[in-house]
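This report concerns only the one structure given below.
Nothing in this text is a laboratory measurement; each read-out follows from the coordinates by a stated rule. Just so it is clear, the structure is predicted and the values come from calculations on it, not from any experiment. Glycine gets a Cβ as well: all are built from the backbone with ideal geometry, and neighbour counts include every protein chain shown.
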Amino acid sequence: MIRSRHILHAALLSAAFVTGCTETGTFERMALLEGAGRDGPSLLASAKLARGAITVKGPDGYCIDKTTLRSTASGGFAAIASCHIMSSGQDGPIVEPGLMTITVSPAPAAAPSPAELADALETQLLQSRELSGLAVGQMATGGETAFAGSDPMHWRGAFIMGPHLIGVTLYAPKNSPLLGAQGPAFMNTVSSAIRASASTGGSTSAEQSQSSSDTLATRLGRLFARRDL
């Protein structure tokens, strides 16, 4: 069991080589929440990943920082945060500070469950929620490195859409309502928007495009960008 857990953890850390994404790093995440005076084309209302097959859009008041975008033929990465904070108050309403990352990669036969994600990250699953768009879990640790003042607790989830596995992670400051019930609602809004705007041309189901014999390590290894933990 211990050996299996180490294998899963290693698969998570090496996911960048599968998805083609590079790590965001603590510095970039800090910039997302501390305001860097971005404006104009640096802040996006939406962005396309995986050759346009996946469209990512934040809820009202949240933008995508163009500098975080990574896109490949079969995947990509984007980060969403407050437009108001990232523009130093020049754009968007005041909303709850938070950082959500979206990672797209080739789909396995099934998405990892919240319990499997917690086990792979060697942390405790505090609670899980079944939402209309996906299942998410609240992780006890790991969020403290996302940005200055971020809480160790954070939310994670994953879902399959056509040939793509989409992983979503939400970080928030300590005592933020996003750490509670607002967090899953936020993630559901983003994941539902992804589903609604998905490109369907030429897509096949994940079950058709992947072998059902995919191991858990393989599934997790396709999910998160390096250090998106």
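Laid out as a table, the results:
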item: For residue 114, net neighbour charge (Lys/Arg +1, Asp/Glu -1) across residues whose Cβ lies under 9 Å away; result: +1
item: Rounded to whole Hz, the Karplus (6.51, -1.76, 1.60) HN-Hα couplings of region 105-114, x for glycine and proline; result: 8, x, 7, x, 6, 8, 7, x, 7, x
